[in-house]
Amino acid sequence: METLKDFIHVVNDNKFMVKVSLKIYDKEAIAESVYKFSGKFYVHQQLDENNPELVEVYLESKDAEAVTAT
């Protein structure tokens, strides 16, 4: 069984990646959702190279501050 840790990956101190399933959300819904974060984060989306049913959403802090779980 997959957990959240399977879908959220820390890239570095100020950047992380979330995998979103296209079985649950369509590309438009994903784009609309991540747009809400574009004020604080640079956002990049791409299909997972190993699984085309997943979209990788990269969020990088615009102010270069560390991203934490709190």
Rg/Rg_globular for the chain, with Rg_globular taken as 2.2 N^0.38 Å and Rg from C-alpha atoms: 1.10
Length-normalised contact order of the chain in % [C-alpha pairs under 8 Å, at least 6 apart]: 36
By the scheme Lys and Arg +1, Asp and Glu -1, what is the net charge of all other residues having a beta-carbon under 15 Å from that of HIS44? +1
The chain, helix-only ellipticity at 222 nm - DSSP H runs n ≥ 4, -39,500 (n - 2.57), divided by all residues, nearest 500: -3500 deg cm²/dmol
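Give, in nm to one decimal, the length gained when the segment between HIS44 and SER21 is fully stretched (0.36 nm per residue of separation minus the Cα-Cα distance).
Working it through step by step, the gained length comes to 6.7 nm.
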Looking at the chain, which chymotrypsin sites (Phe, Trp or Tyr not before Pro) are DSSP coil and have at most 13 other C-beta atoms within 10 Å of their C-beta? PHE37
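Rule-based calculations on the coordinates, nothing more; no lab input. What you are looking at is a predicted structure, and each value in this text was computed from that prediction instead of being measured. For neighbour counting, all protein chains shown are included, and Cβ atoms are generated from backbone atoms with ideal geometry for every residue, glycine included.
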